[in-house]
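Visitor: I'd like to ask some things about the structure below.
The values are calculated or read from the model by the stated rules, or taken from the named source; none is laboratory data. Predicted, not measured: the structure shown is a model, and the values here were computed from it. No Cβ is skipped: glycine too gets one built from the backbone with ideal geometry, and neighbour counts run over all protein chains shown.
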Amino acid sequence: MNENEMNNIPEEENEDYITLIDENGEEVSFEIIGTLEYKERWFAVLIPFDEEDDGVVILEMVPSENPEYDEFVAVEDDVLLNEVFEKFKKDYSGEYEFE
């Protein structure tokens, strides 16, 4: 799934869950398991609902024109993705178990 053009849709009051629209116009729901700042940029680490894959999705959080929510943008740089995930594992080591 290419998440380059996913936009946040304001959802209920629960900020731990979001629904994004993928490039096919389909809604995809995620649980936000963490956010972190890395190299002066903000990232969200998400677990998709309704997926059998136990992997995570990392998206950059970019301010949008609507101050109530950010846009979530795919990170194309694999090195940056790995660095962000390593920082996430370090920052959240007491909350999650990593293989």
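Visitor: Could you please find all residues in the stretch 54-99 being assigned to a loop (DSSP other than H, G, I, E, B), surrounded by 15 or more Cβ atoms within 10 Å (Cβ to Cβ) and at pLDDT 80 or above?
Guide: Val56, Val75
Visitor: Another question about this same structure. I'm trying to understand the selection: among the residues of the stretch 1-18, which are at pLDDT 50 or above and either surrounded by 16 or more Cβ atoms within 10 Å (Cβ to Cβ) or in a loop (DSSP other than H, G, I, E, B) (or both)?
Guide: Of the residues in the stretch 1-18, the ones at pLDDT 50 or above are 14-18.
Those that are at pLDDT 50 or above and either surrounded by 16 or more Cβ atoms within 10 Å (Cβ to Cβ) or in a loop (DSSP other than H, G, I, E, B) (or both): Asn14, Glu15, Asp16, Ile18.
Visitor: Give the residue that is modelled with the highest pLDDT, with candidates limited to residues of the stretch 43-53 that are within 16 Å of Ile21 (Cβ to Cβ) and assigned to a loop (DSSP other than H, G, I, E, B).
Guide: Per the criteria, the residue is Phe49.
Visitor: Output the residue which, of all residues in the stretch 19-32 that are touching a Leu at 6+ places or on another chain (Cβ under 7 Å) and surrounded by 15 or more Cβ atoms within 10 Å (Cβ to Cβ), is modelled with the lowest pLDDT.
Guide: Step by step, filter the stretch 19-32, then rank; the result is Val28.
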